[in-house]
Amino acid sequence: MNLVNTPVVDPTLDVVEEIKRLRKEKNAVILAHYYQAGEIQDIADFVGDSLDLSRKAAETDADVIVFCGVRFMAEVAKILSPEKTVVLPDLEAGCSLEDSCPPDEFEKFVKANPDHLVLSYINCSAAVKAHTDIIVTSSNAESIVSQIPEDQKIIFAPDRHLGGYLSRKLGRDMLLWQGTCMVHELFSEKELIKLKAKHPNAPVAAHPECPDQIVQHADHVGSTSSILKFVTEHETDTMIIATEPGIIHQMEKAAPHKTFIGAPGADGNCNCNICPYMALNTMDKLYLCLRDLGPEINLDEETRIKAEKPLRRMLEMSPTFAPQPPKENL
Ligand code: 13P
Ligand code: SF4
């Protein structure tokens, strides 16, 4: 049994009240990604996409950042705010995109292509960031690639689907690392076509981590924030959502009269599209990590300094207009 993932919390404790009390006592800010459980999103100070959360982590004056997301996101917070204590409710909260890009192999790949500018999706380890020129997220990738001179050769890692989408949309040939997100990879085109036949007027909103055969059916492709903005502003009442279903929580809060249907996996339902890493964070673990200020994110300083450079470049090159401001809960 994995004791790390099964914390024991006194069942008589009011965990919500304890989290609120400890947040004040420790001058902590709770940042949450849209793929977190609804109750975690509801207690967070800010909920947003990867870019929103990076900006919040860079500018917060809290002493402690509690990152309710996955490990690479908490690492970004530590890289940008090294003087803060950064904690993650479950240190096992990894990411299949990060796993698909081992730093040693990536370093060799970069060295073998010295005339290429290296762009990496933020979903990678700090060690991979350290071998990168510019980091991108799904909400600024298009704008950042467009700012690079047309004759500049580009490596894009680790997500081959986001890289392929950018390459097709912007007409840029890019050398792609062959990683994928195990969650977005599982949407089924066949089941999506069946669902669209049942709801012919429902627009499809898809994340660019989806394979091309899913993206081709989408009326809107973009980051979690941009999907949220699209579906809440669209005049239609029923929408099909091809990304991790955690985001439907914010959609239902923003537009309670609308129906949001998760795009199906191969078995015809969308349960296989719940990110198992994001799901490791729970309210009990959030409470414990605030109480104990751990598990803490610590990075080797040389790697942190090298990884900070491409992240700062990303922040400088990002459009100042964010598609959807992060939701502030306080
Ligand atoms: P965004 O929230 O930046 O769109 O990214 C989604 C994601 O991959 C989180 O793991
Ligand atoms: Fe990684 Fe995919 Fe989970 Fe996002 S949804 S954390 S990309 S495995």
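What follows is calculated from the coordinates using simple rules that are stated; it is not laboratory data. Computed from a predicted model, the values in this text were never measured in an experiment. Counting neighbours? That spans all protein chains shown, and the Cβs are built from the backbone with ideal geometry, glycine included.
A few points about this structure:
- Look at the alpha carbon pairs under 8 Å that are at least 6 residues apart: their mean separation over the length of the chain gives a relative contact order of 24 percent.
- Using a Gaussian network model of the chain in which every pair of alpha carbons under 10 angstrom is joined by a spring, one finds that among Glu235, Glu92, Glu18 the greatest mean-square fluctuation is at Glu235.
- Residue pairs exceeding 21 angstrom between C-alpha atoms, taken from Lys78/Lys153; Lys56/Lys229; Lys129/Lys229: Lys78/Lys153; Lys129/Lys229.
- Of the DSSP H helices in the chain, those whose Cα atoms cover at least 20 Å axially and whose Kyte score averages 1.0 or more: none
- Whichever lysines have a C-alpha closer than 16 Å to that of Lys24, once near sequence neighbours (fewer than 8 apart) are set aside: Lys84
- Surrounding net charge for His234, when Lys and Arg each add one and Asp and Glu each subtract one, Cβ distance under 13 Å: -2
- Cα gyration tensor shape for the chain, rounded if a/c is under 1.5, else prolate or oblate: oblate
- For the pair Lys153 and Ala58 in one chain, pulling the backbone fully straight at 0.36 nm per residue adds 31.2 nm over the alpha carbon distance.
- Taken about its Cα centre, the chain carries a charge dipole of roughly 480 debye when the Cβ of each Lys and Arg holds +1 and the Cβ of each Asp and Glu holds -1.
- In a reduced charge model with +1 at each Lys and Arg Cβ and -1 at each Asp and Glu Cβ, segment 192-306 shows a dipole moment near 380 debye about its Cα centre.
- Computed [θ] at 222 nm, helices only, for the chain once each DSSP H run of length n ≥ 4 contributes -39500 (n - 2.57): -11000 deg cm²/dmol
- Alpha-carbon centroid distance for the pair segment 107-180 / segment 261-292, whole angstrom: 28 Å
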